[in-house]
Amino acid sequence: MRFPHCALLTSALLVAGSAFAQKNNTVTFGLCTDVHIPTMHDSEERMTVFIEAMKKQNPDFIIELGDFSIPKPEYQKAYDIWNSFPGEKHHVIGNHEMDGGTSHAQALAYRGMDAGYYSFDKNGFHFVVLDGNDKIDPDRKGYQQLIGPAQLAWLKADLEKSQYPVILFSHQGLSIYQSHQETYGVENYAEVQALLQAHNRLHPERKVIASFNGHTHTDYAENIDGIWYISTTSMAYHWLGEDYEHLRYSEEVDKNYRWIKYTAPFKEPLFTTVTVSSKGRIKIAGKKTEWVGPSPFELGFPENLKPYVHPEIKKKKLRF
């Protein structure tokens, strides 16, 4: 079983590239992921806490990394709270955006997105949003995780045109994380990584420096060939599954939110701000809370997942 290597925060990786050393650009963004509005009874309160915090901190933009919600009237208030942020804001399409018979096109239209993948520049950095929901086999049922050929071609061309260092966002990771139940990450992650590494060899002055993802509901960072792959945990909970069913709220909540008993919720919403400097630094502010009720490990969850499963987005200082 393969796990991310948090131990890779070594001195060998703490040297900034000389191509960045003469510049002094910084960008800060507010980050949350896997809000899962239909699953949690207090999603609107969690979203309110995030947005109010972002109004005070005033980052250059905010972004959510997918699995936000499906477009139904009963979830509209949470969207309205998100949209109340007065500054720049971005969405990433997750796999659960298409639950309940929602089509990919409907999920995009509801968010005012022309496509699931796009890019933008901010403060001397180039940001790329990817869509990991391309179909491997249109006839195959269930969630599929792929950056398809057309999107890969677009990504290569977009990187070629970029004039700045690059940061990627996706829902499904561009590296692999294996839990006790399944493997998380796009199925062609090796192909995507090879494309990114080829770009970096040719263009070290505007290289890809980091890739942020959600989906795993875990917190970790690993460096692969000079690129940081950073997974951010859910705003709301860690998914446990039916083997770890536990009633943490009232019977009424359990009745109205039928998936909540299979989760280990966080007492407070988890989110963070990220500041990136062209001096070669990535600072993740972090946020810590507590489990609601027993921890996953008190319920028998695999102990070897402890480094990645916790009610916290850990503070990190990374160098590129």
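DSSP finds beta bridges in the chain, and of those with both partners inside it, around 60 percent are antiparallel.
Each of Asp99, Asp67 has some number of other Cβ atoms within 10 Å of its Cβ, and from fewest to most they run Asp99, Asp67. Extents of the range 6-319, taken as max minus min of Cα coordinates on every principal axis and listed largest first, are 59, 40, 39 Å. When peptides 229-238, 270-279 are sorted by average Cβ neighbour count within 10 Å, with the highest value leading, the order is 229-238, 270-279. For the pair Glu205 and Lys141, label points projected 7 Å from Cα toward Cβ lie 5.5 nm apart. For the peptides 245-253, 128-136, 287-295, residues were scored by their other Cβ atoms within 10 Å and the scores averaged per peptide; the highest-first order is 128-136, 287-295, 245-253.
Could you put Leu152, Leu196 in order, starting from the residue whose Cβ has the fewest other Cβ atoms within 10 Å? Could the numbers behind the result be given before it?
Details: Leu152 17, Leu196 22.
Result, fewest neighbours first: Leu152, Leu196.
In this Cβ point-charge picture (+1 for Lys and Arg, -1 for Asp and Glu), the range 6-319 has a dipole of about 1420 debye about its Cα centre.
A helix-only calculation puts the chain at -6000 deg cm²/dmol for mean residue ellipticity at 222 nm, using -39500 (n - 2.57) for each DSSP H run of at least four residues, averaged over all residues.
Pairs over the 32 Å Cα-Cα cut-off, from the set Lys261/Lys287; Lys207/Lys287; Lys77/Lys161; Lys135/Lys315; Lys89/Lys161; Lys141/Lys267: Lys77/Lys161; Lys135/Lys315; Lys141/Lys267.
What FRET efficiency would be calculated for the residue pair Glu160, Asn123, taking the C-beta separation as r and a Förster radius of 25 Å, to the nearest 0.05? Calculated transfer efficiency: 0.75. With a cut-off of 17 Å on the backbone N, the residues of the range 33-54 near the modelled label site 7 Å out from Ser250 along Cα-Cβ are 40-45. Between Asp42 and Ala198, the simple spin-label model (points 7 angstrom out along Cα→Cβ) gives 4.9 nm. Largest GNM mean-square fluctuation across Lys89, Lys55, Lys141, computed for the chain with C-alpha springs under 10 Å, falls on Lys141.
From the alpha carbon centroid of the range 236-254 to that of the range 83-162 is 30 Å. Listed by chain and number, the aspartates and glutamates whose alpha-carbon sits under 17 Å from that of Lys279, ignoring those within fewer than 8 places in the same chain, are Glu205. From least to most packed, judged by other beta carbons within 10 angstrom and beginning with the fewest, Lys77, Lys122, Lys207 follow the order Lys77, Lys122, Lys207.
Computed from the coordinates by the stated procedures, all read-outs in this text should not be read as laboratory data. Nothing here was measured: the structure is a model prediction, and the numbers come from that model. Cβ coordinates were reconstructed from backbone atoms using ideal geometry, including for glycine residues, and neighbour counts include every protein chain displayed.
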